[in-house]
Every structure is written in C-alpha cells, then in structure tokens.
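Before any comments, here is the structure.
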Amino acid sequence: MEEKKAKGNWTPKTVLDISDKVNLFIALLGDIKLCDITQERLKAAECALFNFPKNKAKNPKYRDLTIEEIKKLDIPVEERLSRTTVVNYINQINGFLSWIKTLYELPDWISVIMSAPKGDKTEDTRTSKAVFEVTDLRRIVTDEWYMKGEKRLGNSPRGALLDGARFWLPLMALFSGARLEELCQLYIANFKVIDETKCFELTSVIEDEDGKLKKVKGLKNTASKRVVPIHNELLKLGLWEYIQELKEKGHTRVFEELTFSDSAQKYSHNYSKWFNRY
C-alpha cells in the first residue's frame, strides 16, 4: 500500500477503504500463514462475509461482539451487508489475493475461489436505488426554514442557520446532476464564462495567481472532468452574483464553511449526514 501511495496511484481514502476490507477478510479467515490458506478456508470466509452485519461498529447489537461470536450468529437478511457491498468487498479481496499470489508464487486458485454474487440481470440499475420524487423535492425547497433561513427552536437539524452550502448545494445538485462531493470542493476559480456562457468546471486543477495549474482536489475518474453550464434557474436565483461576492471577499473555495473529514477524506461527509437528518 505504501508503494501505491508513493506512486500516487491511491488516494488516502482508497488506502483506508482497501485496508478496512483486507483487515476484515483476515479477521474472517484467521490470521494464518500464507501456506495454510486452503480452498475450504477461503469459502468459509466468503460465507462469513455473506452473513456479516452492516455498520457493525455503529450498531449496538453487534459492535461489542468478536468476529468469532458473529460467525456463530444467523444475522437477519435486512441487517447484513448488501449484495453490492459484498461484491465490492470480494473484488477488492481478490485483488489483494492476486497481488500476494504473484509476490509469493502461490497457486492460481487462491484469487478466484471467492466469487462475488451475481445480480439479477433483469433489474434496472437506474431505478434500483431510492430516488427523490417531485413531491419530495418540492417539500425540501419550499420549507419555511429553507425559504427564509430562520433559526428554529430545539435541537432539530433545522435549528442550524441557513448558510451558503445548505442553500445552494441542493439546488446545484438538482439543476446540474453533479455528485455532491464534486460540488462541495468547488473553487471560485472553477466558475468561468466560456463562449459567452456562464459555467463551472469540474476538474482536479485550478490556475493560481501566476496562471500555473495546481492540483487542489480529486475526481472519481477521468470521465468526471467536464464543464457544466449554469442552469438558468440558478442564475435567476443569484448564484453568479453569490460567487462574485465571495470572490470580492477573498474566498478561495465556494463552500469554505464545509470542513474536510479526515476519516472519510471528503468535504461532503458531514454535510451529507446533516442533509439526511433534515
């Protein structure tokens, strides 16, 4: 992993993500010598993964249990890791096994015994996740708190004052289709007029004061780099003027009120938790 980090192939979040998966695999398999890995042990680890609870560290029902104690339980289906999560785990684990297979000249079967569950080919992946209905969106943007930004009494999530991120991010996501993290890490320099059209760029680099490019953020993949024309509704609501005000005040990032989460390696982590509560 240190080699991948040194070469710039993996971000800190990738290292954390893969480390978590490999550590769970080792715990399920048992911290044994490489020469003691058998096909039977790999299949047993696979079965244990299928029966593993989601959010173990946060769920009071499972967080204090050892791996061996969990293995003895029949976890209810609705409390287990989702099929998508299991697929992701097994793909990452097989990648790890493939690496040690090459490094230590282990048998070929070691990285193919564990197999990811296949999904329903007839399932429409575009609709397999919960989405906002028009009525949901209307309730969000017409809420009195959202419209006026007035602080409410009590400890409700709506008790927070309406800031730039809370106001603009739902609207920008709605009218651009951009990912939340892409919007949360936007810089003032990303907003430009291109061919007489006001846009914002989703890119990992910006120009500094000397006109030199410097990397300031990450993208999910190379295809994520794009220019997004600002929707007329956002312009009517004053997004462009808001950006100019921030620029005049000397801001660098658009949403400087969002702090970077070291654990999640994202600016959107805490905001996403707040929005889900809201």
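The values are calculated or read from the model by the stated rules, or taken from the named source; none is laboratory data. Everything numeric in this text was worked out from a predicted model, so none of it was measured. Cβ placement follows ideal geometry from the backbone for every residue including glycine, while neighbour counts extend to all protein chains displayed. These accessible areas exclude ligands, DNA and RNA; they are computed on the full protein's heavy atoms, side chains included. Shrake-Rupley method; radii C 1.70, N 1.55, O 1.52, S 1.80 Å.
If you check every pair at least six apart or on different chains, which have Cβ atoms under 9 Å apart with a residue in segment 186-200 that is under 18 Å from GLU257 (Cα atoms) and open to solvent by less than 60 Å² (accessible area, probe 1.4 Å) first and a residue that is of a type in the set (Val, Ile, Thr) and not in a loop (DSSP other than H, G, I, E, B) second?
Sorted first by the residue in segment 186-200, then by its partner, the pairs are TYR187/ILE206; ILE188/ILE206; ILE188/ILE243; ALA189/ILE206; ASN190/ILE206.
State all residues of segment 16-41 that are in contact (Cβ under 8 Å) with a residue 60 or more places away in the chain and either surrounded by 17 or more Cβ atoms within 10 Å (Cβ to Cβ) or closer than 18 Å to LEU103 by Cβ (or both); if no residue qualifies, say none.
Of everything in segment 16-41, those that are in contact (Cβ under 8 Å) with a residue 60 or more places away in the chain and either surrounded by 17 or more Cβ atoms within 10 Å (Cβ to Cβ) or closer than 18 Å to LEU103 by Cβ (or both) turn out to be ILE18, LYS21, VAL22, LEU24, PHE25, LEU34, ILE37.
Could you go through segment 42-57 and let me know if any residue there is part of a loop (DSSP other than H, G, I, E, B), open to solvent by less than 30 Å² (accessible area, probe 1.4 Å) and within 14 Å of LEU97 (Cα to Cα).
Looking through segment 42-57, none of the residues is part of a loop (DSSP other than H, G, I, E, B), open to solvent by less than 30 Å² (accessible area, probe 1.4 Å) and within 14 Å of LEU97 (Cα to Cα).
Taking LYS118 as the residue in question, decide whether it is more than 23 Å from GLN265 (Cβ to Cβ), at pLDDT below 90 and either open to solvent by 80 Å² or more (accessible area, probe 1.4 Å) or assigned to a helix (DSSP H, G or I) (or both).
It is true that LYS118 is more than 23 Å from GLN265 (Cβ to Cβ), at pLDDT below 90 and either open to solvent by 80 Å² or more (accessible area, probe 1.4 Å) or assigned to a helix (DSSP H, G or I) (or both).
Check GLU181, GLU233 and return the single one that is open to solvent by 60 Å² or more (accessible area, probe 1.4 Å), at pLDDT 70 or above and in a helix (DSSP H, G or I).
Working: GLU181 fails: open to solvent by 60 Å² or more (accessible area, probe 1.4 Å).
None of the other options fit; the residue is GLU233.
Tell me which residues, restricted to segment 224-246, are farther than 15 Å from ALA178 by Cβ and among the β-branched types (Val, Ile, Thr).
Hit for segment 224-246 is ILE243, nothing else.
Checking the condition in a loop (DSSP other than H, G, I, E, B), more than 29 Å from GLN265 (Cβ to Cβ) and more than 22 Å from the chain's Cα centre (by Cα), which residue from ASP74, ASP31 passes?
Exactly one of ASP74, ASP31 is in a loop (DSSP other than H, G, I, E, B), more than 29 Å from GLN265 (Cβ to Cβ) and more than 22 Å from the chain's Cα centre (by Cα), namely ASP74.
So GLU105 fits all but one of (1) touching a residue at least 24 places away in the same chain (Cβ under 8 Å); (2) open to solvent by 90 Å² or more (accessible area, probe 1.4 Å); what number is the exception?
That leaves (1) as the condition not met.
Restricting segment 61-93 to residues that are of a type in the set (A, V, I, L, M, F, W, C) and open to solvent by 50 Å² or more (accessible area, probe 1.4 Å), which is nearest to PRO117 (Cα to Cα)? Even if it seems obvious, please write down each step before you answer.
First, pick out the residues of segment 61-93 that are of a type in the set (A, V, I, L, M, F, W, C): 65, 67, 70, 73, 75, 77, 81, 86-87, 90, 93.
Retained after the next criterion (residues that are open to solvent by 50 Å² or more (accessible area, probe 1.4 Å)): 65, 73, 77.
Numbers: LEU65: 26, LEU73: 21, VAL77: 15 Å.
Ranking the candidates gives VAL77 first.
If TRP99 satisfies every condition in (1) part of a loop (DSSP other than H, G, I, E, B); (2) open to solvent by 60 Å² or more (accessible area, probe 1.4 Å); (3) under 24 Å from THR14 (Cβ atoms) but one, which is the exception?
(1)
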